[in-house]
Amino acid sequence: MRPSNMRILAIDPGDRRIGLAISDELGITAQGLDTFDKRGAKDFFGHVAKLIADFEVREIVVGDPIHLSGKPSESSDKARALAKELQRRFDVEVTLWDERLSSEEAKRVLRGSRPKKGTVDRLAAIIILQTYLDFKGRRS
């Protein structure tokens with residue numbers, strides 16, 4: 001059983017927006033957080049530091065968009081660099097998680113609706129985190 005009050009933060013890195021999701025205290029469900037828009041003068045690492053403090057985050061899961069073949073993509077290289085920088089800056093475990101098709105799944109779920117900007121990114125982060133939580137739950 002995971003310790004209570006210790007959550008997992010998921011990051012779906014993108015070129016314009018970064019999807020974010022947080023687990024519940026028991027590590028069973030994922031809830032979306034406001035998407036971080038890279039445009040503007042905001043400090044992403046400062047934002048992550050606040051989330052870590054506010055939610056008592058013990059682990060960060062970074063979506064790794066590898067190709068269907070299993071080989072790293074250019075975006076995968078960026079995700080891995082982000083994960084390395086998060087590990088360097090924060091005293092939390094950082095895990096790369098295969099997120100092939102999470103954005104496509106989010107778009108499929110939202111098909112037919114007119115989602116606000118960032119909704120696909122937020123939903124992709126939720127999908128990444130929920131698949132990770134489900135995997136961890138099956139293992140324990």
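Just so it is clear, none of the values below were taken in a lab; they were calculated from the coordinates. Fair warning: this is a prediction, and the values are worked out from it, not measured in the lab. All Cβ positions, even for glycine, are placed from backbone atoms using ideal geometry, and neighbour counts span all protein chains on display.
A few points about this structure:
- Footprinting exposure proxy ranking of V92, V62, fewest other C-beta atoms within 10 angstrom first, gives V92, V62.
- 12 Å beta-carbon shell around D77, net charge (K/R +1, D/E -1): +2
- Restricting the trypsin sites (Lys or Arg not before Pro) of segment 1-85 to loop positions (DSSP other than H, G, I, E, B) with no more than 14 neighbouring Cβ atoms within 10 Å leaves R16, K38, R39, K42.
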